[in-house]
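Novice: Sharing a structure with you now.
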Amino acid sequence: MIANLWYYQGTLNNPYENLSLESYFLQTCPPNTCICYLWQNQKTVVIGKNQNAWRECNVELLEGEGGFLARRCSGGGAVFHDLGNLNFTFIAPLADYSISRQMDIICQAVEQFGLHPQKSGRNDLLIGNRKFSGSAFQKNSRCGCHHGTLLVDTDLAQMSRYLTVSAEKLQSKGVLSVKSRVVNLKELCSSIAVQTLSQAILCAFGQVYGLSVQSMPKTAIDWEKVQEKTDLLSSWQWRLGKDLSFSFELSHRFIWGEISLRFGVHAGQTVKVQAYSDAMDADFIEKIPGLLQNLPVSFSAFAKALSPLAENPQYAQMAVDLQKFLQNNPQKIKGDEIR
């Protein structure tokens, strides 16, 4: 049972430092404690753990204009951060980890400004069918992490320039552009600012749990360990990685997200497979390449190889969807190529 509420207000605007600090909190959260971490990044695109950076973001434009490309450790899609956006993170032991309760905190905070947010699906918050908040999730053996964005006064024109969302994804949302499906809270209530919303979140944090909110003890953070993680998250290999030289690619959008599978083929067998996706379940996506490597190039063989995932209740629906897509794929294989 949660007995302690800790908050930490970030003072850094560097995405690699902020994400490493979040990772540190996930690893070190004490028992019976829920942490609320509020933070901001300066002109940053953050992609999900399994996304292809080059497809989700105009990396050259972003970095050429002094921005940052970062990759988080959770699944989900790409998001744009600037100083008009407020990021929130909730971390708690698994026994007390509640996405619903954490969403309630954000909703109650926004309601303090006379607005009426609605939950949409598992990870979005809307006002009038326009999105102002999206979330992503991750867990380790001890704790869960729920983090998300809050559009307060974000530069939506810059967001549209840097994000390169696929037309198929936009169509699935019933909109024509990134900009048209989101809204800044300040557009709906002029008294909302990052500072006032931060205060409202901390107030709601205490109200939802029925406990007093305490500033995180200064001794709770080992900054040397945070720096070690920062070095990893800022590295080229983690952010962008080596793009596979591939023989063919399969892509499809499912209800749970978009997936792209790239196959490197030699002598009629798969020798390398990469999976890119904005699916919320990062673990599922990461298990796919290992199952599809060293197989004959055959859609039926690919589908059969995913059976272990289909037999796992946690991944069953997604795996079955992917199996059906592979089995019904109309493309024809010829030698080491696909037509």
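Novice: Taking the conditions exactly as written (loosely packed, with under 14 Cβ neighbours inside 10 Å and under 25 Å from the mean Cα position of the chain (by Cα)), does Trp236 satisfy them or not?
Specialist: yes
Novice: Considering (1) charged (D, E, K, R); (2) open to solvent by 40 Å² or more (accessible area, probe 1.4 Å); (3) in a helix (DSSP H, G or I), say which one Lys49 fails and leave the rest.
Specialist: (3)
Novice: Tell me which of these Thr196 doesn't satisfy, since it passes every other one: (1) touching a helix residue (DSSP H, G or I) at 6+ places or on another chain (Cβ under 8 Å); (2) modelled with pLDDT of 95 or more.
Specialist: Evaluating Thr196 over (1) touching a helix residue (DSSP H, G or I) at 6+ places or on another chain (Cβ under 8 Å); (2) modelled with pLDDT of 95 or more leaves (1) as the failure.
Novice: Sticking with this structure for a sec: Given (1) open to solvent by less than 10 Å² (accessible area, probe 1.4 Å); (2) within 15 Å of the chain's Cα centre (by Cα); (3) at negative phi, identify the lone condition not met by Gly76.
Specialist: Only one criterion in (1) open to solvent by less than 10 Å² (accessible area, probe 1.4 Å); (2) within 15 Å of the chain's Cα centre (by Cα); (3) at negative phi is unmet by Gly76, namely (3).
Novice: Please note which strands (runs of 3 or more DSSP E) are completely contained in the range 82-158 and include at least 1 residues that are open to solvent by 10 Å² or more (accessible area, probe 1.4 Å) and among the basic types (Lys, Arg).
Specialist: Those strands (runs of 3 or more DSSP E) span 118-120, 130-139.
Novice: Could you grab the pairs with beta carbons closer than 6 Å, sequence gap of 6+ or different chains, first residue in the range 213-233 and closer than 19 Å to Asn32 by Cβ, second one assigned to a helix (DSSP H, G or I) and modelled with pLDDT of 95 or more?
Specialist: Qualifying pairs under 6 Å: Val213/Leu202; Val213/Phe205; Val213/Gly206.
Novice: Are any of the residues in the range 32-42 in a helix (DSSP H, G or I) and modelled with pLDDT of 95 or more?
Specialist: No: zero hits.
Novice: Additional query: Of Glu65, Glu60, which residue is more than 19 Å from Asp281 (Cα to Cα), open to solvent by 30 Å² or more (accessible area, probe 1.4 Å) and at pLDDT 95 or above?
Specialist: Glu65
The values are calculated or read from the model by the stated rules, or taken from the named source; none is laboratory data. Owing to the predicted nature of the structure, the values given are computational and were not obtained by experimental measurement. Positions of Cβ are generated from backbone atoms using ideal geometry, with glycine treated the same way; all protein chains shown enter the neighbour counts. In case anyone asks, the SASA skips ligands and DNA or RNA and just uses the protein heavy atoms, side chains included. Shrake-Rupley method; radii C 1.70, N 1.55, O 1.52, S 1.80 Å.
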